[in-house]
Amino acid sequence: MDNAPRPAPVRVAAVLVTPDTGALPPPGIDPDVYALALVEDTYEVAAGLTGCEPVVVVWRRPRITDRVAELTWPGTTVADVDGPQPLRAALEAVEGRGAEQAVIVAADAPDLPPLLIGKLLRGLGSAELAVCPAEGGGLVALACRLPPPPWQQGADLDAPDALATLARARPTRRALSVAPGWHRLRAPADIDRLDQGLEGWESTRAVLASGTVNRPPG
């Protein structure tokens, strides 16, 4: 048996689950079922990134933590965290893993193209922080070098003015890199933003097609 310590990951890609994830599904779909489908598809995006360790961070939603763990590949860390702010709690959870960079992705972006996450990580070549804005306000994802820069602490993925807050706080213009935006599924009408031509998001497709109202156990 090889007992040699594993090298620390260079990058961590964390999917951030909050009580708002999937909380407003289309009519006829159970919120927990919907949330788990969104999380699974977004996790598959993170897990498919080359050179990144996928992690799922569940903030103040312990009731579904075990169900989330069942959706991930063996060995994936699912961290149940608390704290006053979800983004800060997620960054603290991944910082201890020894990675040099982290990207935090909102769990309600099941059809997020991996290319956009790649743009965020490439942006860290010259910037301290890189973000993907969300349509309608907030952020889809945030990437940063670790430890995170202190000027990031005032922002959160769900804050409508997150991008403006970071732009004001950055010490220099080059400190913040802004990638093309994307959408999140935060309201029933947001499903119209899903790109049917994109591969992936199979679990979300299945739930939307079934219109299931069955609640998961627990």
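Okay, here's what the table says:
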| item | result |
| --- | --- |
| Percent of beta bridges antiparallel (DSSP, the chain, rounded to nearest 5) | 30 |
| Contact order relative to length of the stretch 11-210, as percent, for alpha carbon pairs under 8 angstrom and 6 or more apart | 25 |
| Prolate/oblate/rounded call for the chain, Cα gyration tensor, a/c under 1.5 rounded | oblate |
| Residues Ser210 and Asp190, FRET efficiency given R0 of 25 Å [Cβ-Cβ distance, rounded to 0.05] | 0.85 |
| Stretch gain in nm, segment Val10-Thr165, where the contour uses 0.36 nm per residue and the Cα spacing is subtracted | 53.0 nm |
| Cα centroid separation, the stretch 178-201 to the stretch 83-112 (Å) | 20 |
| Whether the stretch 1-118 is rounded, prolate or oblate, judged on the alpha carbon gyration tensor where a/c under 1.5 counts as rounded | prolate |
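The numbers here are math on the coordinates, done by the rules we state, and not lab data. Everything numeric here is computed off the predicted structure, so don't read it as measured data. Cβ coordinates were reconstructed from backbone atoms using ideal geometry, including for glycine residues, and neighbour counts include every protein chain displayed.
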